[in-house]
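Student: Here it is, the structure, as structure tokens.
Derivation of every value follows stated rules applied to the coordinates shown; laboratory data play no part. For clarity, every value in this text was computed on a predicted model and none was experimentally measured. Positions of Cβ are backbone-derived with ideal geometry, glycine not excepted, and every protein chain shown enters the neighbour counts.
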Amino acid sequence: MNYKVRCNKVESNDSNLRGLGTIVIDDKFVINGVRLVKRDDGFAVHYPSRKCEKEESGYRTIAYPGSKELAAKLAEAMAKSVFEEGAYKVVDTDTPFSLSVKVTPYEKESLLGFCEVHFDDKDHHEFVLNDITLRRGKDGTPFLAMPNHKKRDPDEFGNPVYADVMNPITKEFYTELNEMVQKEYERSLEKKEAREREESVYAWPEQEDVAETPVPEKKQKPKKEKSR
């Protein structure tokens, strides 16, 4: 797989932000809003995240490389792109394209489940995408919804404007990914229902259904009067 990196320079005196960029995975998927940040020991890449109360930092990263080696290569490529005025830089991992998905069913209104997409290497997830959801459309057809964020400025009519954080580049890849997610959703749903049926078989009866066995009261022996 290869990663095309492009990062545009950001002039800022108030922060360590040095660039905003995109990463294209194997000409199939693009990740926007990747930030290049200056540190004392060099540069660091901050990947897209969202607020999450369960995390100690208050945020959860929703797109990130699965190894330190790839993370270092992407950071180096982004820094080079900034210094070369936004030129594309390519990071090639010499691994064949491989894709897997994980779906957690969670039905609420139009939401059907949460999806995790993996671009895989032989031994690990090379790049991980979170916060993708499977939803039911108005006509009942399931579809993939990509994470987005609200832009600072509204449109000319004052309406909020949203931008995709990440999305498939081609219609063909969207169709492929959508089919994979739906199949995995059906499998995960079947496993969940089977597990719930099994748990219901071995579930303890409710307290109110348990017949209570009366406990006989102990008869007190009459007290003997002390002789004077």
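Student: Hey, with R₀ at 22 Å, roughly what FRET efficiency would LEU99 and ALA71 work out to, going by the Cβ-Cβ distance, to 0.05?
Tutor: 0.65
Student: Counting only chymotrypsin sites (Phe, Trp or Tyr not before Pro) that are in a DSSP loop and have at most 11 other C-beta atoms within 10 Å, tell me the longest site-free stretch of the chain.
Tutor: In the chain, the maximal stretch lacking such sites is 1-156.
Student: If you filter region 93-192 for GluC sites (Glu not before Pro), then keep DSSP loop positions with at most 12 other Cβ within 10 Å, what is left?
Tutor: Passing sites in region 93-192 are GLU109, GLU156.
Student: Can I ask one more? In whole Å, largest first, what are the principal axis extents of the Cα atoms in region 2-200?
Tutor: 59, 49, 37
Student: Among LYS192, LYS150, LYS80, whose mean-square fluctuation peaks in a Gaussian network model of the chain (Cα, cutoff 10 Å)?
Tutor: Largest GNM mean-square fluctuation: LYS150.
Student: Over 26 Å between Cα atoms, which of LYS9/LYS171; LYS73/LYS150; LYS68/LYS102; LYS138/LYS171 qualify?
Tutor: LYS9/LYS171; LYS73/LYS150
Student: Using the scaling law 2.2 N^0.38 Å as the reference, what is the normalised Cα Rg of region 72-150?
Tutor: For region 72-150, the normalised Cα radius of gyration comes out at 1.49.
Student: Now, a different point. At 222 nm, what value in deg cm²/dmol follows for the chain if DSSP H runs of at least 4 each add -39500 (n - 2.57) and the sum is divided by all its residues, to the nearest 500?
Tutor: -7500 deg cm²/dmol, from helical runs alone.
Student: Related question: Any idea what the relative contact order of the chain is, in percent, if you count C-alpha pairs under 8 Å spaced at least 6 apart?
Tutor: Once divided by the residue count of the chain, the mean separation gives 16 percent.
Student: Cut-off under 19 Å on the C-alpha distance; same-chain residues fewer than 8 positions from LYS80 excluded. Which aspartates and glutamates are left, in chain and number order?
Tutor: Here the aspartates and glutamates satisfying the reach criterion relative to LYS80 are GLU11, ASP40, ASP41, GLU69, ASP92.
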